[in-house]
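Take a look at the structure below.
Nothing in this text is a laboratory measurement; each read-out follows from the coordinates by a stated rule. Predicted model only: the values in this text are computed from it and were never measured. Cβ atoms come from the backbone with ideal geometry, glycine included; neighbour counts cover every protein chain shown.
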Amino acid sequence: MTQVSRYGHMLKVTVTKMRMRVRASYRVTGSVLNDTIEGAMLGAETVLELESPDPPDRVAKVIRNAERGCFVMQALLKPVPVTGTTLLNGKPL
């Protein structure tokens, strides 16, 4: 939604109302006790509802730009390397 506001401003498209619903599906397998737990994201679904006095083609351009400019959406569509470091009492664990 932040990107819709950002690109709407850049493209001079007015959005008077915006609401988004996001539904994600997950699965967890394995055992915590056996140290084999594994989570997986199975998918995500979004529904974006907008109100705007501007023509649909201009609003559609904002949405296309917002989706391509959304870091989270792009990371899910085109996975990126993720690294993690854990420190315990200031030292690597």
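Between residue 93 and residue 22, the FRET efficiency estimated from the beta carbon spacing at R0 = 41 angstrom works out to 0.80.
Most tightly packed first, judged by the mean number of other beta-carbon atoms within 10 Å of their residues, the peptides 31-37, 52-58 read 52-58, 31-37.
Looking at 26, 46, 65, which one has the Cα that reaches farthest to the positive end of the dipole of the chain (charges on Cβ: Lys, Arg +1; Asp, Glu -1)? The residue sitting farthest along the positive end of the dipole is 65. Cross-link partners of residue 61 among aspartates and glutamates, defined as those whose alpha carbon lies under 18 angstrom from its own and excluding same-chain residues fewer than eight positions apart: 49, 51. Kindly state, to the nearest 0.05, the FRET efficiency for residue 45 paired with residue 11, given R0 = 22 Å and r defined as their beta-carbon distance. Computed FRET efficiency for residue 45 and residue 11: 0.25.
Taking 38, 67, 51 in turn, the Gaussian network model of the chain (Cα-Cα springs below 10 Å) assigns the largest fluctuation to 38. Of the three principal axes defined by the Cα atoms of the stretch 2-92, the extents in descending order read 57, 30, 22 Å. Cβ crowding within 10 Å, taken as a proxy for footprinting-reagent exposure, orders 91, 61 from fewest neighbours to most as 91, 61.
For trypsin sites (Lys or Arg not before Pro), the sites in the stretch 1-39 that DSSP calls loop and that have at most 15 other Cβ atoms within 10 Å are 12. Could you tell me the calculated FRET efficiency between residue 34 and residue 86, based on Cβ-Cβ distance and R0 = 25 angstrom, to the nearest 0.05? Rounded to the nearest 0.05, the efficiency is 0.75.
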